[in-house]
Amino acid sequence: MKSEKISVSEACEYFKAHDNFIIISHANPDGDTLGCAFSLCRALQKLGKKAKNVCADEISRRYDFMKAAVEIQDFEPQTYITVDVADRRLLGDFDKLYGDRIDLAVDHHVSHVDFAERLILEPHAAAAAQTVYKIILELGGGELIDSQIAACLYTGISTDSGCFKYSCATSETHRIAAELLEYDFDHSKIDYVFFDLKSKARIALEEKLYRDIEYYFDGKCAMVSLTKEQLSTVDSEDGNGLSAIPRMIEGVEVGVVFKQRGNGTWKASLRSNSLVNVQKICSVFGGGGHEKAAGCSFGQDLDEAKLKLVEEIGKVLA
Ligand SMILES: [Mn+2]
């Protein structure tokens, strides 16, 4: 299905003309999809509309401040919206329920696969929350945004841009964030919770990770593995970003973290700096991803998996 591409103004007209909204986040929800959903839900409720947020997966307690921004409302659903969803399959268990009836998708992924009747897509945006900000701004003539909406949108932008560190954080990203900071919310607390705060279990896991790192090719490749038992000590939100650690070490061009799955097989996550295209390396093993972040799967024999992967990385680094 081909989606009709619409503008921010057209999206606003659509929101004004409709009611009883179900706003759907992607499975494995992150700060952007939730920040979009909760800010939009609050804005629509403030306009006197009925709206509620749904997500196929559990929402981490770190987002409790967002849940407090909306009212729980009971109504007969009429209009279905997705936020930050690049592909209907990313709705997870809710794909069956909602996937073929989405009226409007708001997204920022270059890889977006059409599934909605209408689509507002800003592929240059660091976060879908940038687009939702523009929609809410136009919907309310500037009157709708308050400190809770600002906190939700800021979280979306901050988390998707790696706290403004990634190259996707453009001047527009910073300008929108600056406008949000005019409202009264504690942005440094949000950044602390999403970028600095770690559980003791996470610290123990990192301790193990640092201790066991093996180096190859004169320190240009760093590799480590985490068993399913070790990984089970942290929840998914708390386990974020482990794959990025080996690449942070000076001199490392390719960082590899092997994570064991429940069934005993291994998934390798590769991260590279400037020299190596890890997507190419992973494709040799049937995996994929991006030039600087990719993954591939192996069987249950970790030693064999390491051997194969080191050999392939050696073709570039040795
Ligand atoms: Mn996003």
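Between residue 174 and residue 103, residue separation times 0.36 nm minus the direct Cα-Cα distance comes to 22.5 nm.
Using a cut-off of 20 Å between Cα atoms, the listed pairs 259/292; 5/49; 165/315; 228/292 include 5/49; 165/315; 228/292 as exceeding that distance. Under the combined filter of DSSP loop state and at most 12 neighbouring Cβ atoms within 10 Å, the range 115-208 retains these chymotrypsin sites (Phe, Trp or Tyr not before Pro): 166.
Taking R0 as 25 Å, what FRET efficiency do you get between residue 28 and residue 164 from their Cβ-Cβ distance, rounded to the nearest 0.05?
Values: r = 23 Å, r/R0 = 0.91.
With a Förster radius of 25 Å, E is 0.65.
DSSP beta bridges fully contained in the chain are about 45 percent antiparallel.
Full extension from residue 232 to residue 4: what is 0.36 nm times the residue separation minus their Cα-Cα distance, to one decimal in nm? Before the final figure, lay out each step's value.
On the way: separation 228, 0.36 × 228 = 82.08 nm, distance 4.32 nm.
Once the chain is fully extended between residue 232 and residue 4, it gains 77.8 nm.
Approximating the spin labels as points 7 Å out from Cα along Cα→Cβ, the residue 114-to-residue 76 distance works out to 3.1 nm. Taking label positions 7 Å along the Cα-Cβ direction at both residue 308 and residue 207, the computed distance is 3.4 nm, reported to one decimal. Of the trypsin sites (Lys or Arg not before Pro) in the range 249-316, which ones lie in a loop per DSSP and count no more than 14 other C-beta atoms within 10 Å? Those that pass, being in a loop and sparsely packed, are 261.
The distance linking the range 253-282 with the range 101-176 is 30 Å (Cα centroid to Cα centroid, whole angstrom). Dipole check for the range 242-318: with +1 at the C-beta of Lys and Arg, -1 at the C-beta of Asp and Glu, and the Cα centre as origin, the magnitude is about 240 Debye.
So which GluC sites (Glu not before Pro) in the range 134-237 are both in a DSSP loop and have at most 15 other Cβ atoms within 10 Å of their Cβ? Spell out each step's value before the answer.
Numbers: sites: 138, 143, 172, 179, 182, 206, 207, 214, 229, 237; in loops: 143, 182, 237.
Of the GluC sites (Glu not before Pro), the ones in loops of the range 134-237 whose Cβ has at most 15 other Cβ atoms within 10 Å are 143, 182.
Only beta bridges with both residues in the range 200-317 are counted; by DSSP, about 75 percent of them are antiparallel.
For the range 127-232, the spread of Cα positions along the three principal axes, ordered from largest to smallest, is 56, 30, 21 Å.
Give, in nm to one decimal, the length gained when the segment between residue 197 and residue 284 is fully stretched (0.36 nm per residue of separation minus the Cα-Cα distance). Numbers along the way, then the final one.
Working: separation 87, 0.36 × 87 = 31.32 nm, distance 3.66 nm.
Computed gain between residue 197 and residue 284 is 27.7 nm.
In Å, what Kirkwood hydrodynamic radius results for the chain from the alpha-carbon pair distances?
Working: mean 1/r = 0.0477 Å⁻¹.
One decimal place: 21.0 Å for the Kirkwood radius.
Excluding residue 202 itself, what net charge comes from residues whose Cβ is under 12 Å from its Cβ, given Lys and Arg +1 and Asp and Glu -1? Spell out each step's value before the answer.
Working: positive: 198, 200, 208; negative: 196, 206, 207, 235, 237, 238.
That sum, taken over residues with Cβ under 12 Å, equals -3.
Counting only Cβ charges, +1 for Lys and Arg and -1 for Asp and Glu, the dipole size of the chain around its Cα centre is about 540 debye. For the pair residue 277 and residue 187, label points projected 7 Å from Cα toward Cβ lie 3.8 nm apart. Applying 1/(1 + (r/R0)^6) with r as the Cβ-Cβ distance of residue 318 and residue 87 and R0 = 25 angstrom yields a FRET efficiency of 0.10.
Rule-based calculations on the coordinates, nothing more; no lab input. Predicted, not measured: the structure shown is a model, and the values here were computed from it. So basically every Cβ, Gly included, is an ideal-geometry build from the backbone, and we count neighbours across all protein chains shown.
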